[in-house]
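One structure is given below, encoded as structure tokens.
The values are calculated or read from the model by the stated rules, or taken from the named source; none is laboratory data. All of these numbers come straight from a predicted model, not from anything done at the bench. Ideal geometry is used to build each Cβ from the backbone, glycine not excepted, and the neighbour counts take in all protein chains shown.
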Amino acid sequence: MILTAVSKANGLITLTRQHKRRELEEWRRSDNFFCPQCKGKLILKVGQVVIPHFAHISSNDCSSAFSEGESADHLAGKQQLYEFFQSYYPVQLEAVLDKIKQRPDLLVNNRFAIEYQCSPIPKDLFDHRNAGYKEIGIKPIWIIRTPTTLQELSDGIQLFSLSKFQQLFIPRRPLIGQTLLTYDNTNKSFLYASHLLPVQQNQVIAKIRRLPIGSQQFPFLLVNPPTKRELKIYEKIYSSKRRRFLSSRVLTSRKGLKDRFLRNCYMFRIRPEELPSFIGMPTAGSEIFEGHAVEWQANLIFHVIENGMEDQSLDTFINRQPHLDRNLAWAAVNNFLLFLDQLGLCPLTPDCLRKSVPVEILFELITPHFLAKRYEN
Ligand SMILES: [Zn+2]
């Protein structure tokens with residue numbers, strides 16, 4: 001299913017919502033259409049369910065590689081976005097980029113490749129396409145179709161899960177400070193999940209905001225940072241998830257005596273639920289470690305109390321998690337130690353584990369991380 005064709009009578013044509021059904025039916029009788037990519041013959045389909053589109057008459061590499069697998073949602077969204085970008089720049093729908101053998105949904109001003117992604121895409125293919133665009137100096141902008149889980153949320157501060165696939169579309173790691181931009185072709189509106197704060201595994205807290213396509217601009221509008229009142233909601237949700245994690249942590253231990261976290265708590269004579277609130281804060285980059293931040297941060301504090309804070313000691317700590325990106329792990333560890341230092345808790349001693357700092361103060365230190373960076377086109 002494609003929207004662009006070469007017509008015998010009219011040259012390159014793109015179907016938009018401006019074309020009336022009657023007009024298209026007439027056109028179908030009087031003209032011939034060909035694929036801009038493979039030059040194969042196309043038919044113009046004007047049906048009831050899917051918006052009017054072209055389809056290859058005979059299946060070939062082109063039809064399977066580029067367009068025929070597309071859903072009605074993808075086709076409709078692509079068309080809506082095409083009309084949106086047209087008010088700013090020249091746009092080519094399904095442009096053929098011969099040099100890299102790629103065909104973005106939209107090519108805006110020969111500078112931006114817009115990909116409206118409705119179905120999961122393997123990470124390799126995602127990376128491959130981005131590399132292709134980079135090679136020819138085009139900036140890709142991926143917009144995923146608003147996931148159902150997000151559609152159900154009302155505007156405001158919300159807790160929800162993002163799959164690994166959805167996380168691909170958050171520009172750059174770390175998650176903190178980033179925005180996921182989605183588009184919902186059914187409601188013709190953008191949905192932003194901005195100021196993402198990782199909680200645990202795939203769970204994040206974010207500010208949800210809808211923007212009808214008629215109110216959007218390009219470069220895309222940014223979501224205002226959370227207000228004081230909204231930050232309180234982040235704090236409340238985060239703290240309650242942390243409490244829940246800790247109270248269930250003893251029950252979910254599967255490693256018995258080898259469970260480093262529980263063994264450490266036992267050695268330092270502290271119950272997991274009693275760990276002070278500055279342990280388990282979403283400091284910048286902390287989501288690189290698996291599970292809840294409270295676990296690796298407590299383990300780090302126990303480790304530093306026993307082995308000191310020199311590079312070699314920290315290196316040993318990081319090496320215990322062989323699957324991590326070392327640079328990101330180092331950054332996360334340093335950010336957390338800096339945070340402890342700002343609280344006046346360094347050098348770390350067993351007494352630290354009995355100190356309490358009000359949660360509001362902790363969040364005041366954290367917020368600059370996820371407020372600083374904003375959506376970049
Ligand atoms: Zn073709």
**Request:** Evaluate segment 86-108: report whether one residue or more is modelled with pLDDT of 90 or more, farther than 22 Å from G137 by Cα and either in contact with a Phe, Trp or Tyr (Cβ under 6 Å, 6 or more places away or on another chain) or loosely packed, with under 14 Cβ neighbours inside 10 Å (or both).
**Result:** yes
**Request:** Output yes when any residue across segment 87-98 is touching a residue at least 40 places away in the same chain (Cβ under 8 Å), among the polar types (S, T, N, Q), closer than 18 Å to E115 by Cα and within 13 Å of the ligand (Cβ to nearest atom), and no when none is.
**Result:** no
**Message:** Among the listed residues A293, A284, A298, identify the single one that is in the same structural domain as L353 (by TED's automatic domain parsing), touching a Gly at 6+ places or on another chain (Cβ under 9 Å), closer than 13 Å to C352 by Cα and of a type in the set (A, V, I, L, M, F, W, C).
**Reply:** A298
**Request:** Inspect segment 191-206 for any residue being in contact with a Phe, Trp or Tyr (Cβ under 6 Å, 6 or more places away or on another chain) and among the aromatic types (F, W, Y) and give the result as yes or no.
**Result:** no
**Message:** Can you list residue pairs whose Cβ atoms sit under 8 Å apart, with the first residue in segment 125-137 being in contact (Cβ under 8 Å) with a residue 40 or more places away in the chain and not assigned by TED's automatic domain parsing to the domain that holds L168 and the second being in a helix (DSSP H, G or I) and surrounded by 15 or more Cβ atoms within 10 Å (Cβ to Cβ)? Count only pairs 6 or more apart in sequence or on different chains.
**Reply:** none
**Request:** Inspect segment 293-309 for any residue being surrounded by fewer than 18 Cβ atoms within 10 Å (Cβ to Cβ) and assigned to a helix (DSSP H, G or I) and give the result as yes or no.
**Result:** yes
**Item:** Selection count where residues are under 17 Å from I121 (Cα atoms) and modelled with pLDDT under 75, scope segment 56-81
**Value:** 7
**Request:** Looking only at segment 346-359, decide whether some residue is surrounded by 20 or more Cβ atoms within 10 Å (Cβ to Cβ) and among the β-branched types (V, I, T).
**Result:** no
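Yes/no per residue for (1) closer than 30 Å to Q297 by Cα; (2) surrounded by fewer than 22 Cβ atoms within 10 Å (Cβ to Cβ):
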position	(1), (2)
Y192	no, no
N202	yes, yes
I205	yes, no
R210	no, yes
P219	no, yes
L222	no, yes
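Is it the case that segment 31-48 has a residue that's farther than 27 Å from G132 by Cβ, in contact with a helix residue (DSSP H, G or I) (Cβ under 7 Å, 6 or more places away or on another chain) and not assigned by TED's automatic domain parsing to the domain that holds F220?
Checked against the condition, which is being farther than 27 Å from G132 by Cβ, in contact with a helix residue (DSSP H, G or I) (Cβ under 7 Å, 6 or more places away or on another chain) and not assigned by TED's automatic domain parsing to the domain that holds F220, segment 31-48 yields at least one hit.
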**Asked** Is it the case that segment 1-13 has a residue that's within 28 Å of P219 (Cβ to Cβ), more than 16 Å from the ligand (Cβ to nearest atom), outside any strand (DSSP E or B) and within 29 Å of the chain's Cα centre (by Cα)?
**Response** no
**Prompt:** In this structure, does E290 turn out to be of a type in the set (D, E) and either without any contact (Cβ under 8 Å) to a residue 24 or more places away in the chain or assigned to a loop (DSSP other than H, G, I, E, B) (or both)?
**Reply:** yes
**Fill in**
Apart from one, (1) surrounded by fewer than 22 Cβ atoms within 10 Å (Cβ to Cβ); (2) part of a loop (DSSP other than H, G, I, E, B); (3) in contact with a strand residue (DSSP E or B) (Cβ under 9 Å, 6 or more places away or on another chain) all hold for Q178; the odd one out is (1)
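Residues are listed down the side, and each one gets a yes or a no for (1) at pLDDT 95 or above; (2) among the charged types (D, E, K, R):
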position	(1), (2)
L300	yes, no
I305	yes, no
R320	no, yes
L328	no, no
S356	no, no
K373	no, yes
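In the set F165, F190, which member is of a type in the set (F, W, Y), over 24 Å from E287 (Cα atoms) and outside any loop (DSSP other than H, G, I, E, B)?
Values: F165 fails: over 24 Å from E287 (Cα atoms).
Criteria check complete, one pass: F190.
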**Asked** Quick one: is E273 part of a helix (DSSP H, G or I), within 24 Å of Y234 (Cβ to Cβ) and in the same structural domain as S240 (by TED's automatic domain parsing)?
**Response** yes
**Item:** Matching residues, segment 19-50, being more than 16 Å from the ligand (Cβ to nearest atom), surrounded by fewer than 16 Cβ atoms within 10 Å (Cβ to Cβ) and hydrophobic (A, V, I, L, M, F, W, C)
**Value:** L24, V49
**Message:** Suppose we filter segment 290-342 for residues that are closer than 20 Å to D259 by Cα and of a type in the set (K, R); how many remain?
**Reply:** 1
**Asked** In segment 340-350, what residues are assigned to a helix (DSSP H, G or I) and either out of contact with any helix residue (DSSP H, G or I) (no Cβ under 8 Å at 6 or more places or on another chain) or closer than 17 Å to H303 by Cα (or both)?
**Response** L340, D341, P350
